[in-house]
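To start, the structure under review is shown below, and the notes come after it.
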Amino acid sequence: MATTTTTALHPQFRPPSHPRATRRLRPCPSSSSVRPRFSVRAAAASASASAPAQREVVAGVPWGCEIESLESAASLERWLTASGLPEQRLALEKVDIGERGLVALKNVRNGEKLLFVPPTLVITADSEWSNREVGDVMKRYSVPDWPLLATYLISEASLEGSSKWRSYIDALPRQPYSLLYWTRTEIDAYLVASPIRERAISRIGDVIGTYNDLRDRIFSKYPDLFPEKVYNMENFRWSFGILFSRLVRLESMDGKVALVPWADMLNHSPEVDAFLDYDKSSQGIVFTTDRSYQPGEQVFISYGKKSSGELLLSYGFVPKEGTNPNDSVEFLVSLNKSDECYKEKLQALKKHGLSESESFPLRVTGWPVELMAYAFLVVSPPEMIQRFEEMAVAASNKGSSKPALNYPELDEQALQFILDCCESSIKKYTKYLEGAKGSAEVSINTKQANRTLLLKQLARDLCISERRILYRSQYFQFHHPIAGELRCLLAKGILQYQAKIFGAATE
Ligand SMILES: C[S@@+](CC[C@H](N)C(=O)[O-])C[C@H]1O[C@@H](n2cnc3c(N)ncnc32)[C@H](O)[C@@H]1O
C-alpha cells in the first residue's frame with residue numbers, strides 16, 4: 001500500500017522459471033493442530049490451482065467480507081479500541097472513491113498527525129504465530145517476508161476465533177480488487193494494447209511459482225501442519241492480493257514491510273503527498289496530512305508515486321483520467337533489423353546490458369535521457385560507428401555521470417523515430433478502444449456481466465490514460481532531456497496531430 005519510497009514490492013521467494021514444470025502434489029490430509037475454516041468451494045478450487053489465471057469462474061476464500069459492505073466495520077473498530085488504538089478523528093464509512101474509506105469526524109488541520117496505530121497492532125514478519133508449530137517451520141526455512149506474510153495471513157485466517165487477528169481478517173475483502181483475479185483470457189483481451197499486460201502475466205506467474213515453491217519445499221513435507229485444504233493456490237491468491245494492495249513499507253522501522261490494520265482502510269489519491277510511517281515520538285504508525293479536511297470528507301494518503309498501470313496492477317483501480325501527475329507508460333523501442341550496422345549496434349547494446357528491444361518510461365512530464373540515447377543509436381549512420389558505444393552507455397544509464405548527448409545532426413531523426421514509435425503504439429490503443437466500444441459479450445449471469453463491465457471499464461480507463469501520455473509526448477513542449485531546457489517539439493508532421501490531441505484531452 002502506501003510506501004514512503006517508490007520501490008515496487010515483489011515477492012522475494014523466487015519462483016521457478018517454468019512454474020508448470022514443477023511437481024504437483026497429492027492433496028494432504030488435514031491437521032489436527034489447526035481448525036481450518038475451509039469450505040467446499042476452497043477445496044474444489046485447489047484442484048485446478050496450477051493455472052488459476054486461466055479459470056473463468058473465480059472461487060473465493062471462506063473468510064473476509066464483501067468490500068462494498070460495512071458488515072465487519074463495527075467489530076473491527078471495537079477490537080482496535082480494546083487493543084489500544086487511541087480515540088480517532090476518523091471513522092470507517094462507505095465512500096465514493098474506494099468503496100470503504102476513512103472519513104474525518106472533526107475538522108482536520110493541514111500538518112496534523114493522525115492514526116497512532118501501536119506496533120502491537122501491526123503484522124510484520126516478526127509477528128507471533130497463533131499456530132506456533134507452523135511458524136517454527138516457516139522460520140526454519142528462512143522464508144522471506146512476502147511469502148512468509150502470505151502464509152501467516154492464511155494460517156491466522158484459518159484459525160478463526162483462535163487468532164488475535166480475527167476481527168481484522170473478517171474486515172478484509174474476501175476478494176481484493178487485484179489483477180491476480182483476472183483470468184488469462186481477460187488479461188489478453190482487455191490489456192492487449194498496454195504494457196501492463198506483460199507485467200500482469202509475470203506477476204501472476206510469480207505468485208503461482210512462489211506458491212509452488214512453498215508447497216514443494218515446505219508444505220508437502222509437513223502435510224499435517226499445512227493441509228492443502230487450507231494452504232492452496234486459491235487462498236494464496238487471496239493473501240498475495242491482500243499484500244499487494246495493503247502492505248506498507250515503514251521507512252523509520254528499517255524499511256520493514258507491515259500490514260497496519262485501520263491505516264489500511266485509507267484510500268489513495270495521486271494528488272496527496274502524505275505517507276504512512278512509524279513515528280518514534282508517539283511510538284505509533286501515523287501520517288501527516290498535507291491539507292485540511294472538513295467533517296465528513298474522505299481523508300486520503302499516497303500509496304507512492306505510481307503510474308495508473310501500476311495502481312491497476314497492485315490495487316485494482318485506475319485514477320480518473322488526467323488526475324495522476326505520476327502517470328507514465330512503458331514505451332518499447334527496437335533496433336531496426338535491416339539496419340546495415342544492426343550487428344555492431346546490438347553488440348554495443350549488449351556490452352552494456354541492453355538488448356535489441358528496450359522499454360523506457362514515458363511520463364506525463366517528458367521522457368528520460370536514456371530513451372533519447374537509444375533513439376540516437378537506432379538512427380545513427382555507419383560513419384558514426386565510433387560513437388555507438390557511448391550512445392549505448394548513455395542508454396543504459398550505467399555511466400558515472402549523466403552523459404552530454406550532443407548529436408545535433410541526428411536530433412530531428414531521433415525525435416522522428418520516437419514520434420513514429422508513439423504513433424504505432426497509439427494505433428494499438430485506438431484499435432482496442434474502438435473495438436471495445438462495439439463488442440457485446442454473452443454473459444452467463446448478472447454477476448459475470450457486472451464483472452466483465454468493471455474489468456472493461458478499468459482497461460478502457462487505463463488505455464485512455466496511457467494513450468494520452470503518448471499523445472502528449474508527441475505534441476507538447478517538454479524539457480529536452482539533453483539540454484535540460486524547455487524545447488518545442490518541431491519534428492516533421494507535428495501539425496497533423498494537433499487536432500487529435502485536443503480530441504484526446506476531452507475524451
Ligand atoms: C489499502 S486498501 C484501502 C481500503 C479499501 N478501500 C477497503 O475498503 O478495504 C486499498 C484498496 O482500496 C481501493 N482504493 C484505494 N484507493 C482508491 C482509489 N483512489 N480509487 C478506487 N479504489 C481505491 C482499491 O480497491 C485498493 O485495492
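We did not get these values from a lab; they are worked out from the coordinates using the rules stated. Keep in mind that what you see is a predicted model, and the values were worked out from it rather than measured. A quick note on method: Cβ atoms are made from the backbone with ideal geometry, for glycine too, and the neighbour counts reach across all protein chains shown.
So which of Lys305/Lys427; Lys320/Lys456; Lys113/Lys280; Lys431/Lys456 end up more than 18 Å apart, counting from Cα to Cα?
Table pairs above 18 Å Cα-Cα are Lys305/Lys427.
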Summing +1 for each Lys or Arg and -1 for each Asp or Glu, what net charge is found among the other residues whose Cβ lies under 11 Å from the Cβ of Arg291? -4
If packing is taken as the average count of other Cβ atoms within 10 Å, what order do 257-266, 133-142 fall into, highest mean first? 257-266, 133-142
Net +/- balance of residues flanking Tyr168 in space, Cβ distance below 10 Å, scoring K and R +1, D and E -1: -1
In nm, to one decimal, how far is the modelled label at Gln347 from the one at Ser220, with both set 7 Å along Cα→Cβ? 4.7
For Ile201, Ile218, Ile301, Ile97, ascending order of other Cβ atoms within 10 Å (fewest first) is Ile97, Ile201, Ile218, Ile301
May I ask you to order 117-125, 459-467, 326-334 by the average number of other C-beta atoms within 10 Å around their residues, highest value first? 459-467, 326-334, 117-125
Rounded to two decimals, what is Rg over Rh for the stretch 136-222 when you use alpha-carbon atoms and the Kirkwood radius? 1.05
Neighbouring Cβ atoms within 10 Å as the yardstick, rank His268, His352 fewest first. His352, His268
Ranked from fewest to most other Cβ atoms within 10 Å of their own Cβ, Glu156, Glu271 fall in the order Glu271, Glu156
